[in-house]
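A.B. asks: Below is a structure I'd like to ask you about.
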Amino acid sequence: MSVADLAKPLMVMGLMSGTSVDGVDACLARIAMHDGHLQQEMIATYTQDIAPALRSRLLKAMSDPVMGLEALCALNVAVGELFAEAALGLLRTHHILAGEVDCIGSHGQTLFHWPPPPVQSDDETGTKRPLGGTLQIGEPSIIAEKTGIYTIADFRPRDMAAGGQGAPLVCYADRLLFQDEHYTRCIQNIGGIANVTVVPPRSTEQAESQPVMAFDTGPGNMLMDAAMMHFYGKPYDENGAVAATGTIHEALLVHLLGHPYLPLTPPKTTGREQFGEPFFKAQLAQFPGLEPADWLATLTEFTAQTIVDSYQRFIFPRYQVSEMILGGGGAYNAHLRQRLEHHLKAAGQVVSLKMHADFGIHDKYKEALAFAILAWAAFQRQPNNLPECTGASHPVIMGKHCF
Ligand SMILES: Nc1ncnc2c1ncn2[C@@H]1O[C@H](COP(=O)(O)OP(=O)(O)O)[C@@H](O)[C@H]1O
Ligand SMILES: [Mg+2]
């Protein structure tokens, strides 16, 4: 495919539901590439609510992965219908015809992610290692059938087949969206899990010491959300208001900071398997009698520290970071933002904290946009993984096509 084809604008819809299972985010963007610069314009956004019963089934499937095949099959169909509803809802709400959309990129809903084992030695790379596996449900055939739109889904397995972690995938979009001529930027998403992409300036990216780097820093909203549901029956701590009234419990914080995921060297990914409901329940059992607000204060602090600690361990020694750009629902948590700022200052780093909105990108729909961008590339048969981020042995075109 020639470069000229990439300059032709395509209308691409991205569909995303993350580990929070708080709704399916949909966005429609016009995307084109000019002189190596991605141009995108968000045309429309929409969120499809998830019925509480379906959400419960999904959360149960994630926290207790031993489920029957019949139940799994039914869930795959129900989530496929849900994602199709999200796509149709966006079209209906914004009076857009299916024929105006070139393709859909659907992430699906991750039920289980089983990354490959860490590299044991320098000469053991790529496909020589055992492969990992992953399960994203939400049958894309249903999305294609109900919308009539070319649908690309299930991106992760191809990267894993090439020896990668199958995550993080958003780094591909982050580089296209945020690469600056001079500054190194950390794109910090705070969804259920928190993940970062370090985007070095164009001029230094070729240098071996300055590749794009991306990994999961640890929990995002997941533990805070679990505590809010347990103590208050609410899905999340709006703006961090509850955490702001609590006191950090040092012993609990120290215990949490001892989690074995945190010191692992990137590339690395995590999920509900490690920081989900069972993990939260285990902490509750080990630290009985704490005030609910103190739980929130401590879990928020833990989240903030895991982010800044992982920068100190893995990013600041290699990159001169100028900006940290927050996105995902956790970016709206004012108390968490404050704690991040506090720890960055304490680390002696002059890093300005920004939001995606400062770059004209809706914070909430950034990940949906990323999957639109991944689909845009796959639609044009362009590799869309970044091996330096995922650990794959080579670039591949991720995504399965239903047309
Ligand atoms: N105003 C807010 N204050 C605090 N947290 C928020 C706010 N809005 C959203 N969130 C958090 O963001 C989460 C959803 O973020 P999202 O980026 O959609 O995550 P995921 O990708 O895991 O679905 C919610 O579960 C909640 O924890
Ligand atoms: Mg979400």
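A.B. asks: Can you run down the residue pairs with Cβ atoms below 9 Å, 6 or more apart or on separate chains, where the first is in the range 191-203 and over 17 Å from Tyr172 (Cβ atoms) and part of a loop (DSSP other than H, G, I, E, B) and the partner is aromatic (Phe, Trp, Tyr) and within 16 Å of ligand 1 (Cβ to nearest atom)?
C.D. replies: These pairs meet every condition: Gly192/Phe275.
A.B. asks: Can you say whether Phe279 is within 21 Å of the chain's Cα centre (by Cα) and assigned to a strand (DSSP E or B), as far as the supplied structure shows?
C.D. replies: Working: within 21 Å of the chain's Cα centre (by Cα): yes; assigned to a strand (DSSP E or B): no.
For Phe279, the condition - within 21 Å of the chain's Cα centre (by Cα) and assigned to a strand (DSSP E or B) - is not met.
A.B. asks: Taking the condition acidic (Asp, Glu), surrounded by 21 or more Cβ atoms within 10 Å (Cβ to Cβ) and either farther than 23 Å from Pro116 by Cα or touching a Leu at 6+ places or on another chain (Cβ under 8 Å) (or both), does Glu301 pass? Reasoning before the result, please.
C.D. replies: Numbers: acidic (Asp, Glu): yes; surrounded by 21 or more Cβ atoms within 10 Å (Cβ to Cβ): yes; either farther than 23 Å from Pro116 by Cα or touching a Leu at 6+ places or on another chain (Cβ under 8 Å) (or both): yes.
Yes; evaluated as a whole, the condition is true for this residue.
A.B. asks: Part of a loop (DSSP other than H, G, I, E, B) and modelled with pLDDT of 95 or more: does that describe Lys268? Explain how you work it out, then say what you get.
C.D. replies: Details: part of a loop (DSSP other than H, G, I, E, B): yes; modelled with pLDDT of 95 or more: no.
Taking the combined requirement at face value, the residue does not satisfy it.
A.B. asks: Just checking, which of Ile31, Ile43 is crowded, with 22+ Cβ neighbours inside 10 Å and away from ligand 2 (no atom under 16 Å from the Cβ)?
C.D. replies: So the residue among Ile31, Ile43 that is crowded, with 22+ Cβ neighbours inside 10 Å and away from ligand 2 (no atom under 16 Å from the Cβ) is Ile31.
A.B. asks: Read through the list (1) more than 14 Å from ligand 1 (Cβ to nearest atom); (2) surrounded by fewer than 20 Cβ atoms within 10 Å (Cβ to Cβ), then give the number of the only condition that Gly23 fails.
C.D. replies: Among (1) more than 14 Å from ligand 1 (Cβ to nearest atom); (2) surrounded by fewer than 20 Cβ atoms within 10 Å (Cβ to Cβ), the lone unmet condition for Gly23 is (1).
A.B. asks: Identify, from the list Asp180, Asp174, Asp159, the residue that is farther than 20 Å from Glu301 by Cα, more than 15 Å from ligand 1 (Cβ to nearest atom), acidic (Asp, Glu) and not in a loop (DSSP other than H, G, I, E, B).
C.D. replies: Values: Asp180 fails: not in a loop (DSSP other than H, G, I, E, B); Asp174 fails: more than 15 Å from ligand 1 (Cβ to nearest atom).
Of the residues listed, the single one that is farther than 20 Å from Glu301 by Cα, more than 15 Å from ligand 1 (Cβ to nearest atom), acidic (Asp, Glu) and not in a loop (DSSP other than H, G, I, E, B) is Asp159.
A.B. asks: So Ser20 clears everything in (1) in contact with a Gly (Cβ under 9 Å, 6 or more places away or on another chain); (2) more than 28 Å from Arg158 (Cα to Cα) except one condition, right? Which one?
C.D. replies: It is condition (2) that Ser20 fails.
A.B. asks: Residues that are over 20 Å from the mean Cα position of the chain (by Cα) and away from ligand 1 (no atom under 16 Å from the Cβ): does the range 194-202 have at least one? Explain how you work it out, then say what you get.
C.D. replies: Here is the first cut: in the range 194-202, the residues over 20 Å from the mean Cα position of the chain (by Cα) are 201-202.
Right, trim to away from ligand 1 (no atom under 16 Å from the Cβ) and you get 201-202.
Yes - at least one qualifying residue is present in the range 194-202.
A.B. asks: Of the residues Ala377, Ala357, only one is without any contact (Cβ under 8 Å) to a residue 12 or more places away in the chain and outside the structural domain of Gly192 (by TED's automatic domain parsing); which?
C.D. replies: On the way: Ala377 fails: without any contact (Cβ under 8 Å) to a residue 12 or more places away in the chain.
The match here is Ala357.
A.B. asks: Here is a further query. Step by step: first the residues of the range 79-120, then only those that are under 22 Å from the mean Cα position of the chain (by Cα) and of a type in the set (A, V, I, L, M), then the one that is surrounded by the fewest Cβ atoms within 10 Å (Cβ to Cβ). Which residue is that?
C.D. replies: Across the range 79-120, the extreme among qualifying residues is Leu111.
The values are calculated or read from the model by the stated rules, or taken from the named source; none is laboratory data. Bear in mind the structure is a predicted one, so any value in this text is a computation, not a measurement. Heads up, the Cβs are rebuilt from the backbone with ideal geometry, glycines too, and the neighbour counts pull from every protein chain shown.
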